[in-house]
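Take a look at the structure below.
The values are calculated or read from the model by the stated rules, or taken from the named source; none is laboratory data. These numbers were taken from a predicted model, which means no experiment stands behind them. Glycine also receives a Cβ, built like all others from the backbone with ideal geometry; neighbour counts cover every protein chain displayed. With ligands, DNA and RNA removed, areas are computed over all heavy atoms of the protein, side chains included. Shrake-Rupley method; radii C 1.70, N 1.55, O 1.52, S 1.80 Å.
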Amino acid sequence: MRFFKRVLHSAGWVLAFSLTTAQTIDDSFDVRGDCNIDQRGLLNNFVTETLDLVNTAIRGMVAFRAGGDRIMQENLLSYFKAKKTTAVSSIDEIQGTYFENFRVAPKTQSADWHSSYHILSQSEWGVPIPRLLQVENNLIKNASYCQPAKRTTPLKASFPARTLEQVRDFLSGNEQLPGGGGKPRLYCSSRLWVRKNPGDIEQGQDGKPLPPDGQGPKTLLRRFATELSEQIDGRAPVVFWTDQYNEYLISNDQGGQYFCDNPDRLAVTDDSANIIPKALIMCPSSFEIKPGSRPGRTTVIGDTKPNNKQNLDELEPRSLTFLHEVIHVVRGNAATIPERYGLFPAITSARNDPGFARHNPDNYVYFALSYWFWQNRKYDAQGNTIDANSDQKGTKYNFANGKANPATVPP
């Protein structure tokens with residue numbers, strides 16, 4: 001018998017970016033019958049917007065690797081604390097990138113693993129690299145001449161590019177999820193998880209009540225004594241049960257008989273070991289513009305012009321919840337939980353604990369949305385949207401610090 005603890009959120013490198021056919025939710029998920037036709041339509045829109053977000057970010061990281069794109073540099077620094085060393089006077093001086101655990105074979109030593117950040121002076125894709133700069137705390141700690149071993153494994157999934165690649169490939173139907181089991185199931189039901197009382201008898205994996213033992217009845221209070229004694233985000237815990245999976249969920253008490261009754265709950269991903277395939281539950285509130293007490297969200301991505309210094313999370317589209325959850329799906333909850341929710345907690349995590357930020361879904365969510373606005377929205381003097389890539393002078397907004405900072409483009 002497994003249980004899992006959830007606290008839900010406020011939302012959620014290759015050169016082939018365009019898709020020849022539009023992707024739909026059915027390419028990646030087994031959408032269950034409880035999702036109505038309107039919800040299915042929105043889910044298709046979420047897929048389209050999510051692919052737009054991640055492909056835009058991947059393009060930006062490719063440009064960054066090629067030695068340019070100052071805005072991408074600022075976003076990588078803000079959301080993941082990835083930065084180039086101060087020993088380099090210009091971003092164009094290094095044709096390289098940041099990554100973790102790249103395997104190299106020094107000339108005088110056996111193959112070794114370097115776990116700190118590195119900058120390579122040439123390509124990292126298996127060609128000879130004459131010089132490796134080992135960088136820690138923005139300073140060159142060690143320089144050595146190396147011959148890289150042929151790379152047979154991708155960059156660690158904690159690196160921003162690889163995570164977004166996984167999202168893109170999964171939604172395009174090209175990514176096999178770890179553990180197998182076929183397409184994850186997607187539910188839109190508000191009645192999948194039902195609240196249980198601490199005195200209820202524990203149910204087994206067959207859904208039947210467990211018989212008593214020498215210590216008496218096997219109640220939920222007995223089974224989850226430790227979990228029910230710990231608050232979750234300042235609230236008392238509560239146990240939910242699903243007949244669909246014969247599994248328990250422990251979350252904070254936000255009222256209601258069913259898990260999705262509280263409109264502040266948006267979604268949850270379940271990849272417990274005994275759940276094959278995985279499951280994504282999109283609560284009805286995740287499809288709404290203003291779910292519960294949360295700030296309003298935009299109908300589609302980019303349909304609202306930013307105000308100067310406006311917070312990025314005030315402009316988030318509904319599809320951001322979906323992107324957040326798909327990161328859980330492709331990476332697995334073990335690699336993405338515990339997590340921190342919200343724009344500014346994500347930025348703070350990058351500043352104080354970049355290792356945590358590279359596993360935190362909301363860092364990817366707001367990183368992708370921030371860069372998308374810069375690449376895809378430009379406004380004329382009257383506030384009308386104009387071609388973001390044209391030579392026409394207009395205003396773009398840089399959200400690298402979480403707030404809308406205007407810039408005239410071209411200057």
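Brief remarks follow.
- Amide H contacts under 5 Å for residue 248, placed H, 5+ residues apart: 2
- Database remark: amide H of residue 378 closer than 5 angstrom to the amide H of 386, 388 (H placed geometrically; neighbours at sequence offset of 5 or more, or on other chains; Pro and chain starts carry no H).
- Computed about the Cα centre, the dipole magnitude for region 209-368 is approximately 320 debye when only Lys and Arg (+1) and Asp and Glu (-1) carry charge, each at its Cβ.
- Radius 14 Å from Cβ of residue 393, net charge of other residues (Lys, Arg +1; Asp, Glu -1): -1
- The trypsin sites (Lys or Arg not before Pro) found in region 333-389 include none that occupy coil by DSSP while having at most 15 further C-beta atoms within 10 Å.
- Shown in residue order for region 35-44 are the 3J(HN,Hα) couplings computed by the Karplus curve 6.51 cos²θ - 1.76 cosθ + 1.60 at θ = phi - 60°: 8, 7, 5, 5, 5, 4, x, 5, 4, 4 Hz (x for Gly and Pro).
- Residue separation of residue 228 and residue 407 scaled by 0.36 nm, minus their Cα-Cα distance, works out to 59.4 nm of gained length.
- Accessible area per residue (1.4 Å probe, heavy atoms of protein chains only) ranks 222, 70 as 70, 222, with the largest value leading.
- Accessible area of region 185-311 belonging to carbon and sulfur atoms, whole % at 1.4 Å probe: 47 percent
- Among the listed pairs 290/403; 309/378; 81/278; 81/403; 81/305, those whose Cα-Cα separation exceeds 24 Å are 81/278; 81/305.
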